[in-house]
Amino acid sequence: MKIVIIGLAQGGSQAVQTLIDAGSNVEVAGFDAADLAQAIHWSATRSDDAETVFAMTPSALARHHVQLTGQAQAVQLDPDGHRVLIKSLTSGDTHWEQYDKLIFSPGSRALQLPIPGTDLQGILPAGHGLSMQQIQDYKAMIMNPEIQNVVIVGGGYVGFMSAESLIQVGKHITIIDHNSRLLAKYLDEELAQKLSDAMIDKGVDLVLNSEVTAFEGDGQRVNTVVADGQHVAADFVLMSAGTSPNTEWLQGVVPLTEDAISKQIVANRHKLPMFMQLAM
């Protein structure tokens, strides 16, 4: 049996790990559009006798019948033929990859708000899926002492974790969210209030029940975020106002929900093994 995994971040890499831990002899082929070191967060020190996929060398993976390929994007699905078309992002070449079972973990991208100023420099998506240039920009922002005021648009999981990280490097954080509390999809009002109080104690400004309506700047770089008439100073902006799954290539091939998630996955998710649920 051959299992193909599309996407090798948290869900996909955990699927690989579970198959290895189960002692499965199935052939596994995994693909990710990003560089593998970025997608999997490989350890800086890897060895042939490592027990986790995060520290395994290619030869160690091969002993478990696993081959992982980065900078390779799934662009077309043929469910009747049990094959997926893979495009190399380095050479542009394509090939059909046959499978018996297919695991989707394609990830998502930050939503782009339809408001003025989104083309200004200094606005980056938060979370996974960043390009190498965006990663370099993010690192430069963290290291630049002149960048102090960071505005995070969106107070969900990614926005909250981004704020926690940036507090550690001494940035002044403002979180703007259209909900009445942080982590509104995850926590009830009482627990969310405790977290909000803790963030405020750390110097974070919260602008809740507010919609971001524009980004303003000097013509090139952002310096202000406008939210319901309030102007918030911004040396840098992280966008965390929701995500959209990377499933455009499945349009018209498999039925999708309004959120662009496979209806078959939604209907049968509770029947899947846990590692496959994580990969959805």
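Tabulated results
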| read-out | value |
| --- | --- |
| Single condition residue 85 does not satisfy, out of (1) at pLDDT 95 or above; (2) crowded, with 18+ Cβ neighbours inside 10 Å; (3) in contact with a Ser or Thr (Cβ under 8 Å, 6 or more places away or on another chain) | (2) |
| Any hit, region 93-106, residues being surrounded by fewer than 20 Cβ atoms within 10 Å (Cβ to Cβ), in a loop (DSSP other than H, G, I, E, B) and out of contact with any His (no Cβ under 8 Å at 6 or more places or on another chain) | yes |
| Hits in region 21-38 (condition: closer than 23 Å to residue 83 by Cα and not charged (D, E, K, R)) | 24, 25, 26, 28, 29, 30, 31, 33, 34, 36 |
| Test: residue 134 is part of a loop (DSSP other than H, G, I, E, B), surrounded by fewer than 16 Cβ atoms within 10 Å (Cβ to Cβ) and at pLDDT below 90 | no |
| Pick from region 157-188, criterion within 21 Å of residue 212 (Cα to Cα), without any contact (Cβ under 8 Å) to a residue 60 or more places away in the chain and hydroxyl-bearing (Ser, Thr, Tyr), ranking: surrounded by the fewest Cβ atoms within 10 Å (Cβ to Cβ) | 180 |
| Condition met for residue 31 (at pLDDT 95 or above and either of a type in the set (Phe, Trp, Tyr) or on the phi > 0 side of the Ramachandran plot (or both)) | yes |
| Selection count where residues are closer than 25 Å to residue 139 by Cβ, open to solvent by 50 Å² or more (accessible area, probe 1.4 Å) and of a type outside the set (D, E, K, R), scope region 220-239 | 3 |
| Hits in region 212-254 - residues which are in a loop (DSSP other than H, G, I, E, B) and farther than 30 Å from residue 78 by Cβ | 218, 219, 220, 228, 229, 234, 235, 240, 241, 242 |
| Among (1) open to solvent by less than 20 Å² (accessible area, probe 1.4 Å); (2) closer than 17 Å to residue 124 by Cβ; (3) modelled with pLDDT under 95; (4) of a type outside the set (Phe, Trp, Tyr), the one test that residue 242 misses | (1) |
| Residue ID - nearest to residue 16 (Cα to Cα), chosen from residues in region 65-82 that are in a strand (DSSP E or B) and open to solvent by 50 Å² or more (accessible area, probe 1.4 Å) | 67 |
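Table: residues versus (1) within 18 Å of residue 12 (Cβ to Cβ); (2) free of Cβ contacts under 8 Å to residues at least 40 places away in the same chain; (3) under 21 Å from the mean Cα position of the chain (by Cα).
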| residue | (1), (2), (3) |
| --- | --- |
| 47 | no, yes, no |
| 64 | yes, no, no |
| 69 | yes, no, yes |
| 77 | yes, no, no |
| 90 | no, yes, no |
| 96 | no, yes, no |
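The values are calculated or read from the model by the stated rules, or taken from the named source; none is laboratory data. Computed from a predicted structure; not experimentally measured. All Cβ positions, glycine included, derive from the backbone under ideal geometry; neighbour counts span all protein chains shown. Surface areas here come from the heavy atoms of the whole protein model, side chains and all, with no ligands, DNA or RNA. Shrake-Rupley method; radii C 1.70, N 1.55, O 1.52, S 1.80 Å.
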